[in-house]
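Novice: Provided herewith is a single structure, encoded as structure tokens, for subsequent inquiry.
The values are calculated or read from the model by the stated rules, or taken from the named source; none is laboratory data. Only a predicted model underlies this, so the values are computations on that prediction, with no experimental measurement involved. Neighbour counts are summed over all protein chains in view; Cβ atoms, including those assigned to glycine, are modelled from backbone coordinates with ideal geometry.
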Amino acid sequence: MKQIFFTLMIVCLSSCSAKLNKTMDTTKEKDAIKLVMKAQEDAWNRGDIAAFMNGYLNENDLVFIGSRGLTYGWERTLENYKKGYPDKAAMGKLSFEILELKPLSNEYFYMIGKYELIREKDKPSGYFTLLWQKVNGEWKIIADHTSG
């Protein structure tokens, strides 16, 4: 599983080898990505999985890597979230902590972070790596590797 993820990351990094545009304001781009993460956190905490999914690329190219393996596509990822978190109690209260956020090119950033889910009977937590792409002026997650 880890080999697949790291192979994916190497391929993505290779395809993102274009140099950063010197005029790109990385602080502005990082802030825009952080706003997407905050919107996802808020949507989750309202129990709105559909709004949470707005942070992901709505295409079949989206890849989610979790404890059950690889999932391709926005619709399948949404279905898995709905199955795994059928109600607000199962969803709990989510918080993200961004540990690293670095540009790979003008169109791609990668992020490493931690998540914590507080529920009545447990507090699952773990780490994630996200690959972001700027699509039509908006930052979208195109690959998500989450482990708990």
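Novice: Take the residues in the stretch 45-69 that are farther than 20 Å from Glu138 by Cα and within 14 Å of the chain's Cα centre (by Cα), then tell me which one is surrounded by the fewest Cβ atoms within 10 Å (Cβ to Cβ).
Specialist: Gly66
Novice: Could I ask something else about it? Checking the structure you have, find out if any residue of the stretch 78-91 is within 16 Å of Thr129 (Cα to Cα) and either in contact with a Leu (Cβ under 9 Å, 6 or more places away or on another chain) or without any contact (Cβ under 8 Å) to a residue 12 or more places away in the chain (or both).
Specialist: no
Novice: Okay, moving on. Output the residues belonging to the stretch 102-117 that are assigned to a strand (DSSP E or B), within 29 Å of Asp25 (Cβ to Cβ) and over 12 Å from the mean Cα position of the chain (by Cα).
Specialist: Lys102, Pro103, Tyr108
Novice: While we're looking at this one, here's another question. Can you work out which of the residues in the stretch 118-141 that are touching a helix residue (DSSP H, G or I) at 6+ places or on another chain (Cβ under 8 Å) and either among the hydrophobic types (A, V, I, L, M, F, W, C) or assigned to a loop (DSSP other than H, G, I, E, B) (or both) is surrounded by the most Cβ atoms within 10 Å (Cβ to Cβ)?
Specialist: That would be Trp132.
Novice: Quick one: is Lys83 loosely packed, with under 12 Cβ neighbours inside 10 Å, basic (Lys, Arg) and at pLDDT 95 or above?
Specialist: On the way: loosely packed, with under 12 Cβ neighbours inside 10 Å: yes; basic (Lys, Arg): yes; at pLDDT 95 or above: yes.
When the stated conditions are applied, Lys83 passes them.
Novice: Within the stretch 11-43, track down each residue that is farther than 15 Å from Pro103 by Cβ and modelled with pLDDT under 95.
Specialist: Val11, Ser14
Novice: Shifting gears a bit: Looking only at the stretch 95-117, which residues are farther than 18 Å from Ile142 by Cβ and surrounded by fewer than 17 Cβ atoms within 10 Å (Cβ to Cβ)?
Specialist: Of everything in the stretch 95-117, those that are farther than 18 Å from Ile142 by Cβ and surrounded by fewer than 17 Cβ atoms within 10 Å (Cβ to Cβ) turn out to be Ser95, Glu97, Leu99, Lys114, Glu116.
Novice: Kindly provide the set of residues from the stretch 118-129 that are under 14 Å from the mean Cα position of the chain (by Cα) and under 19 Å from Asn45 (Cβ atoms), ordered by number.
Specialist: Listed by number, the residues that qualify are Gly126, Phe128.
Novice: OK, next. Looking at (1) within 12 Å of the chain's Cα centre (by Cα); (2) under 18 Å from Glu116 (Cα atoms), which is the one condition that is false for Thr77?
Specialist: (2)
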